[in-house]
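Every number here is computed from the coordinates shown, using simple stated rules; none is lab data. As the structure is a computational prediction, the values presented were derived from the model and not from experiment. Note that each Cβ is placed from the backbone with ideal geometry, even for glycine, and that neighbours are counted across all protein chains shown.
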Amino acid sequence: MSKDDSRRVMLEKVMKDHGYQESALLEILHKAQEIYGYLDKELLMDISGSLNLPPSHVFGVATFYSFFKLKRPGQHIVTGCMGTACYVKGADEIMQAVEREYNIKRGESTPDGKLSLLVTRCIGACAMAPTIIVDDEVIAKATKEIVLQKIKQVLGGT
Amino acid sequence: MNLADIQKIAEQEVDFERAYKYRINVCCSSGCVPLGAFKVLKAFEEAVKEFGVEKECKVAKTGCVGTCSVGPAVIIEPGDYLYQNVTPEKVREIVRDHIVLGLPVKSMLYGNPAFFKKQHRLVLRNAGKIDPSRIQDYIAMGGYSAIVKCLATMTPQGIIYEVATSKLRGRGGAGFPTGQKWSLVARAHGKPKYIVANLDEGDPGVFANRTLAEADPHAILEGMLIAAYAIGAEKGYLYIRSEYPLAIQTLQKAIAQAKSLSLLGDNVLETGFKFDVELRFGAGAFVAGEETAILASVEGRRAMPRPRPPYPANSGLWGKPTLIQNVETLANIPIIIQNGGAWFSKIGTPRCTGTKCFSLTGKTNNPGLIEVPMGITLREVVFDIGGGVPEGRKFKAVLVGGPSGGCLPDALLDLPIDYDSLTRVGAIMGSGGIVVLDDHSCMVDTAKFFTEFCVDESCGRCTPCRAGLIRVKEVFDNLTQGNARMEDITTLEKASSYIRDASLCGLGQTAPNPVLTTLRYFRDEYVEHIRDKTCRAGKCFKKEERGATP
């Protein structure tokens, strides 16, 4: 069985567990994103067929919620928290530094697909603001220098 | 498992605890983990063995004590000694001096008793004291005794009466009387009835609900159980943001444990009462915290609000009567049942009883999570608990109520914190965010930041909110780039009033608050931006373009 088939089997099981119900659409999209990494058009069409929902409904839900990724993310992901506390403590300046260093804007990936720069509204770690997440590691009380150093480190590791 | 068994577990657990002389509580919530809490936990487990005191000391993994800026935090009981900035290297010294020699290490203790002095911990009663992954810890602290009391001795009407007597109001922000809401759902026709517990803490800068779920998940579940019994619901949904992985994990575990003790399920504690809880995950939509939007999201649709009436109490999830309640409100319920509504109504002010959790952040010396009685003044929160503004900077404003709250100047610092006073000055209670700003912050830029947030988060249903906010943002772009004219202030005021008056839901109705309050209390700064093209905080008129927020 190819890798793709095994992922499809996992997705099918998730949908079956939820009884192919419309009300479980968000849960299914969450799981689909976990399995595939992002939600592309074919995947959304597939889900809409399986749940017997109009594609417009599934696309509408997937595009409404900012947590769902519709484009393939980079190999490494840097997420800047832009909640109020982080903003007040200079998160914007850190993000600008990353943008300058790698010549990408928020929401974009580098052309080689190695790095994505994303923004989240708040991870709820406001007392340690500003926070930047590099891959799965939360950097508390972040500074430009620490973040750039960390990104260099993870990129070097590939 | 029946009603008496819960009491037995509590007694066993208390006996078990008594065997230990010390309890070392290591905070392992989202705040302390990035700072190395798990390494500290491991170091304590090793150190107590090394010194041969593992029979005297219980090392426990707990939730948040609130002092998030000095984490990892560790509390040693008895005596509630709070150690700050603990590192694995310091652990040996703490165990040697404190446990073996009985001499607390003064130099490492949290040096700011004022942080706790003015707090009143009801909702966070167990935070930092119990291991959230052990249901027995919660039961030993008197947990689930309230639902036992309800099932054994109280009628649903009696419960609603107690909640009404407590004068508890919804902690999600709007402040609707909880007892009244319960009796509306209880009287509504239609079956089945549902409960939706709202943990979609979308306000940036707020983490009170996350902390509660990570520190004391069973308090939320017990609140849901009592509510379900009172209104006659059989199914509850706990809607939580996906940005909170640790809280999700903690709640999943808590639900599984409650099921295994038959506290949830088809036959709760062998009484015939049936109630089950399912988690539902948000996906990054601020508007989903609104009560009709959260219903749409639980049903698997776009989280868009709808007009009311019909109110969810009569027609909620799938058209059935539904009680929607913030998790902080629910965590208050067990203590109200244990101590009585009359007892609770004496805390806080006569119109706003009880306490409120606030996330205190921004330019403050002691950021963290606090719980204070209603009616405390902003000054006490910012200067006594928060310890003032760091680095000798000057206090400028305090932002109350998240992105749709208000920016209040120092002249209003003596304002008591309650729903009505805050609304009067143009702010809201919201979900309890207090962000302190110093003179490094530009008020025009701050209002712009919140407007951009609301532009992104507007669901697009109501034109005034969708298009009006973009118009407001354009004015702010001009203001911060030096292209604005004096008439633009009138444009801002007009647009804001249209958005406020003509939007369906709370997001649109409160989105203009930051604009209106900064215009009201910091108008000089707007005038300076237009007339002199200067920004006294040095934030605006920079050549460099700010990156677009997606």
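Between B:ARG96 and B:PHE176, full extension at 0.36 nm per residue minus the direct alpha carbon distance yields a gain of 23.6 nm. Here B:ARG531 and B:ASP384 are evaluated by their C-beta separation; at R0 = 45 Å the FRET efficiency comes out at 0.70. Computed over neighbours whose Cβ is under 10 Å from that of B:ASP439, the net charge equals +4, Lys and Arg +1, Asp and Glu -1. For chain A, the longest principal axis of the alpha carbon atoms and the long axis of helix A:91-102 meet at an angle near 80°.
Straight-line reach from B:LYS118: taking Cα to Cα under 19 Å and skipping same-chain neighbours fewer than 8 places apart, the aspartates and glutamates in range are B:ASP80, B:GLU371, B:GLU380, B:ASP384, B:ASP414, B:ASP418. First measure r as the distance between the Cβ atoms of B:ARG466 and B:LYS274, then evaluate 1/(1 + (r/R0)^6) with R0 = 60 Å and state the FRET efficiency to the nearest 0.05. Given R0 = 60 Å and the Cβ-Cβ separation, E is 0.90. Note on A:24-32: average number of Cβ atoms from other chains within 10 Å of each residue's Cβ is 4.
For the protein assembly as shown, the mean residue ellipticity at 222 nm estimated from helices alone is -12500 deg cm²/dmol, where every DSSP H run of n ≥ 4 contributes -39500 (n - 2.57) and the total is divided by all residues, rounded to the nearest 500. When the square roots of the Cα gyration tensor eigenvalues are ordered a ≥ b ≥ c, the ratio a/c for the protein assembly as shown is under 1.5, which makes its shape rounded.
Separation of the alpha carbons by more than 31 angstrom is noted, of B:LYS191/B:LYS346; B:LYS129/B:LYS363; B:LYS39/B:LYS106, for B:LYS191/B:LYS346.
Overall, the anisotropy analysis places chain B in the oblate class: the square-rooted eigenvalues a ≥ b ≥ c of its C-alpha gyration tensor yield a/c not less than 1.5, with a/b not exceeding b/c. Ranking B:ILE9, B:CYS32, B:ILE434 by Cα position along the charge dipole of chain B, where only Lys, Arg, Asp and Glu carry charges on their C-beta atoms, puts B:ILE434 farthest toward the positive end. A protection proxy built from the mean count of other Cβ atoms within 10 Å ranks the segments B:420-427, B:208-215, most packed first, as B:208-215, B:420-427. Mean partner shielding of peptide B:199-208, defined as the number of other chain Cβ atoms within 10 Å of each residue Cβ, is 5. A straight Cα-to-Cα reach below 26 Å connects A:LYS31 with the lysines A:LYS3, A:LYS13, A:LYS16, A:LYS41, A:LYS69, A:LYS71, A:LYS114, B:LYS235, B:LYS253, B:LYS259, residues fewer than 8 places away in its own chain not being considered. Counting only aspartates and glutamates at least 8 places from A:LYS89 when in the same chain, those with an alpha carbon closer than 20 Å to its own are A:GLU99, A:GLU137, A:GLU145, B:ASP203, B:GLU391, B:ASP438, B:ASP439, B:ASP445, B:GLU452, B:GLU544, B:GLU545.
About its Cα centre, the stretch B:355-438 has a charge dipole of approximately 220 debye under the convention of +1 per Lys or Arg Cβ and -1 per Asp or Glu Cβ, with nothing else charged.
Can you tell me how the stretch A:29-70 classifies by the Cα gyration tensor, rounded, prolate or oblate, using a/c under 1.5 as the rounded cut? Because a/c hits 1.5 or more and a/b fails to exceed b/c, the stretch A:29-70 counts as oblate.
Determine the alpha carbon to alpha carbon distance for each of A:LYS105/B:LYS448; B:LYS167/B:LYS494; A:LYS144/B:LYS394 and list only those over 30 Å. With Cα atoms farther than 30 Å apart: B:LYS167/B:LYS494. Shown is the FRET efficiency for B:THR87 and B:GLN157, computed with R0 = 51 Å from the Cβ-Cβ distance and rounded to the nearest 0.05: 0.40.
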